[in-house]
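What follows is a set of notes on a single structure, which appears directly below.
Any read-out appearing in this document is the output of simple, stated calculations on the displayed coordinates, not a laboratory observation. Predicted model, so just to flag it, every value in this text is computed and none were measured. Neighbour counts are summed over all protein chains in view; Cβ atoms, including those assigned to glycine, are modelled from backbone coordinates with ideal geometry.
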Amino acid sequence: MAIELKIGTRGTREEFEDTYTRSFLEDHGLLKFDPRNFAVNCVWGVHTKLGYMCSFSYDDILTYMGDGIWDLRVSGNTNLTRLTDAEKKVLSEPDKEF
């Protein structure tokens, strides 16, 4: 009996790590990195439709889209910084040509 990862399968990164083997996940677009070999502490690289993105939290939500492509939703408790009104204004302005 072959293990199948169905399209639409959703769960936290921790649930996927506990359920499937590392090689199975790597065959389906999730790459586990050894943090000792990288400057950042990115544990998993997730193959999304936009390319590879890093998952930093066990609580990140992953949804399998098929063909080794995943949807990655950052967990709600990850709050890196709060922007000031001035920073929001600068980020909302279009880029200027030099």
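Could you calculate the contour length gain from Leu50 to Phe24, that is, 0.36 nm times the residue separation minus the distance between their Cα atoms, to one decimal place in nm?
Using 0.36 nm per residue and subtracting the Cα-Cα distance, I get 7.2 nm.
Amide H of Phe56 versus every other amide H placed in the peptide plane: which residues, excluding those fewer than 5 positions away on the same chain, fall under 5 Å?
The list, which skips near neighbours in sequence, is empty: none.
So what's the net charge close to Arg13: Lys and Arg +1, Asp and Glu -1, counting the other residues with Cβ under 13 Å from its Cβ?
It works out to a net charge of -3.
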